[in-house]
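Since every read-out is calculated from the coordinates, none of them should be taken as a lab result. Computed from a prediction, not measured in an experiment: that's the story for all the values here. Using ideal geometry, Cβ is built from the backbone for each residue, glycine included, and neighbour counts are taken over all protein chains shown.
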Amino acid sequence: MTQSVPQPPNFIEQLQAVARSAVHLEMRDAYGVADEATDFERWQRTGERDVDPSSPYWGPWVAIVSELVNRGVAVRRARIVSEPVTDYIRYEHAGTGVNLAAGEQVRWLPRREASDIALPGNDFWLLDGRIVRFGHFSGDGEYLGETFTEDPTVAQLCASAFETVWGRSVPHEKYAV
């Protein structure tokens, strides 16, 4: 007899179900995410970035975040970055206005100011302070998948790390790359 394997949680569905807060901590200096490759290459060649909130790239994300924010959910993103920043971070910075327009709050923390913060080993989303979604990436930034946990100890570590980073970080409007 075979045992059924439970389906992993669907992150977008979990995100849409959030009631109070969704926080995201990014700690890599470069990502090699497939759906960004064409836009990133164009930005490297021309300096032009897709900043159209209704574009196929941004539209779905803008719709989700806008709906959350309109329901009163706080959506915050913090990025820990090495300085001088990489081209990828410049690219992210150039598109962050769309995140802000959707209702996200975004801040940046120079890595040298994070040395004494206990950080999880991977980027994460923390939903309503209890569900943690870790994103896993290869050394060159390729997305490898995700894991979820509702372990209260892990959620507390992520909440503490995020709040410490958030308290030290610079709002997007004031962070020059």
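Run the paramagnetic zone check for Ser160: 7 angstrom along Cα to Cβ, then residues of the stretch 114-152 with backbone nitrogen under 14 Å. Under cut-off, by backbone N: 116-121, 152. Take each peptide in 89-95, 168-174, 26-32, count the other Cβ atoms within 10 Å of every residue, and average; sorted highest first, the result is 89-95, 26-32, 168-174.
A crude spin-label estimate for the pair Ser66 and Gln14, with each label 7 Å from Cα along the Cβ direction, gives 2.6 nm.
Sorting the segments 133-146, 59-72 by their mean number of nearby beta carbons within 10 angstrom, highest to lowest, gives 59-72, 133-146. Across all C-alpha atoms in the chain, the radius of gyration and Dmax reach 16.5, 60 Å. Applying 1/(1 + (r/R0)^6) with r as the Cβ-Cβ distance of Phe148 and Arg111 and R0 = 22 angstrom yields a FRET efficiency of 0.25. Each DSSP beta bridge with both residues in the stretch 11-174 is either parallel or antiparallel, and the antiparallel ones are about 55%. Taking the stretch 40-64 and a reference point 7 angstrom along Cα→Cβ of Ser82, no backbone N atom is nearer than 19 Å.
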